[in-house]
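Note sheet for the following structure.
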Amino acid sequence: MAIDQDFTYTDAFLACPECDLVHAVPSIREGEQGRCTRCGALLYVRHKNSLDRALAFALTGLMFFILANMFPLLTFEMEGVSQSNRLIDGAIAFWKAGYWELGIVVFVSSVVAPLMVLLVLITLLLPMRLNRVPPSPQLQIRTLNHLRPWAMSEIFVLGIIVAFVKLQDFADVSVGLSLFAFVLMVAATVMAYLTLDEDALWSRLREIKA
Amino acid sequence: MSAAPVTAKSLDAISCHVCGLLVSNRYIREHSDECPRCAAALHSRKINSMTRTWALLIAAAVLYIPANVYPVLTLVSFGQSTTNTIMGGVIELVGSGQLVIAIIVFVASVFVPIFKIAALLFLVISVQFGMKARRRERALLYRFTEFIGRWSMIDIFMISILIALVKLQALATVTAGPGAIAFAAVVIITMFAAMTFDPRLIWDEEGENDDG
């Protein structure tokens, strides 16, 4: 695997994002993945119909996200009085109680970032599906990378389960319709990220621009 | 006798931290220091990685104390009030027989933050002293630390749900406590600490000093 010392930039070789070791990019089959020979970091994956599948999952995720915001997540009942909460109520409750910092953190990580991820994926992949250049592909792909750690829907699901168990001890709690929608939204988002192959994204973009 | 490994740095090139394109320093000198593919700023190593990680780790370690000493939530029901710290919440779950949930909360809220701070401290110190042994294991430790960090937010989300749901005045009301802010700060600051640490530093001197 010799590399031309005089290159300007190349995608025929890549450096491991975790240890900087240079590898030649081999043509691997769909469903296979390549790991760094030195540190074991994941270097590349190939998925069948990567971009189409990621788009389908993102659209599914958006549908369920909308549903998840329309109905209660949990309903709590005690002595004949009941109270339900929606997805955004946690953030609002922190804000109203004077813990505005936590309100912002919860709002961003459970509502804004997961929604943004889906919207960015759709505005990126839908135009590409129709052979058009997305509004700002570079910015969109960078945003996607930076948003990733802050979209915490899957963790929020565990938070709901813990809250549910804690409440069961002293009152009647029932699960709302939105909880199912929310869990399906999380599953769709995870699948969208898992199937999205960034190399396929860049090479498809180049094809469209050409 | 192994030759020094071929890295982007040894080729006088930079691998884009966002999209992974391999860009030569010649291109950067002649054109621009933005990635030609994704337009992110190019750097060979994360900027001021060690200093930033140290600062964030110290901040997280300091905040860890109020996060565990102050209560994170208070439940008032029929005039009786119970106040919980992070650890108190786990003990209460054990007491009510919810072992599986208690273990999940213990791992996410007690074990993960301590583990994260300790692991990153070890990584930063090992790089600072140019440790040569067990590079691959340290790389794995970093990858694991980065992956688990976000899961400590479970407790914060749980509290947000309880305070939104349980507000039936005299019957039952849950309020948040100041420990929650410190706890969320620990989680977020350690996430930043893991992001600013550059795992490439673990490998940077491999092959240079070893063969003399």
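Each value in this text was obtained by applying a stated rule to the coordinates, not by laboratory testing. No experiment lies behind these values; they were computed from the predicted model shown. Neighbour counts run over all protein chains shown; Cβ positions are idealised from the backbone, glycine included.
Please compute, for peptide B:113-123, the average count of beta-carbon atoms on other protein chains lying within 10 Å of each residue's beta-carbon. Walk me through the intermediate numbers first.
Numbers: counts 0, 0, 0, 0, 0, 0, 0, 0, 0, 0, 0.
Counting other chains' Cβ atoms within 10 Å and averaging over B:113-123 gives 0.
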Nonlocal Lys pairs with alpha-carbon distance under 29 Å, the protein assembly as shown (8 or more apart, or different chains) = 11
Simple label model, 7 Å out from Cα along Cβ direction - A:Met116 to B:Thr51, nm = 2.7 nm
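Okay, helix-only estimate at 222 nm for chain A: each DSSP H run of n ≥ 4 adds -39500 (n - 2.57), divide by all residues, round to 500 deg cm²/dmol; what do you get? Please list the in-between numbers first.
Numbers: 8 runs with 110 residues, N = 210.
Mean residue ellipticity at 222 nm (helix-derived): -17000 deg cm²/dmol.
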Could you give the longest part of chain B that holds none of the chymotrypsin sites (Phe, Trp or Tyr not before Pro) found in DSSP loops with at most 14 neighbouring Cβ atoms within 10 Å?
-> B:130-212
Peptide B:168-176 - average C-beta neighbours from other chains (10 Å radius) | 4
If one compares the long axis through the Cα atoms of helix A:198-209 with the longest principal axis of the Cα atoms of chain A, the angle in degrees, nearest 10, works out at 70 degrees
What residues qualify as long-range amide H neighbours of A:Tyr44, i.e. H under 5 Å apart, gap of 5 or more or another chain, H built at 1.01 Å from N?
-> A:Gly34
Points 7 angstrom from Cα along the Cβ direction at A:Ser203 and B:Val69: gap in nanometres?
-> 5.8 nm
When a footprinting reagent is the concern and you count Cβ atoms within 10 Å, what order do B:Asp155, A:Asp6 take, fewest first?
-> A:Asp6, B:Asp155
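If you stretched the chain out fully between B:Ala4 and B:Glu137, how much longer would it get, using 0.36 nm times the residue separation minus the C-alpha to C-alpha distance?
Values: separation 133, 0.36 × 133 = 47.88 nm, distance 1.99 nm.
Length difference between fully extended and current span is 45.9 nm.
Could you tell me whether region A:1-50 comes out rounded, prolate or oblate from its Cα gyration tensor? Rule is a ≥ b ≥ c as square roots of the eigenvalues, rounded for a/c under 1.5, then prolate if a/b exceeds b/c, otherwise oblate. Could the numbers behind the result be given before it?
Values: a/c = 2.37, a/b = 1.41, b/c = 1.68.
It comes out oblate by the Cα gyration axes.
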In nm, spacing of pseudo-spin labels at B:Arg26 and B:Leu171 (7 Å Cα→C-beta vector) | 7.6 nm
Calculated FRET efficiency for the pair A:Thr143/A:Met63, C-beta based, R₀ 25 Å, to 0.05 | 0.70
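Pop the C-beta distance of A:Val175 and B:Ile103 into the FRET formula with R0 = 30 Å and round what comes out to the nearest 0.05. Before the final figure, lay out the partial values.
Details: r = 22 Å, r/R0 = 0.74.
With a Förster radius of 30 Å, E is 0.85.
For A:94-101, what's the mean count of beta carbons from other chains sitting within 10 Å of each residue's beta carbon? Write out the running numbers ahead of the final one.
Values: counts 9, 0, 3, 5, 2, 10, 1, 5.
Averaged over the peptide's residues, the number is 4.
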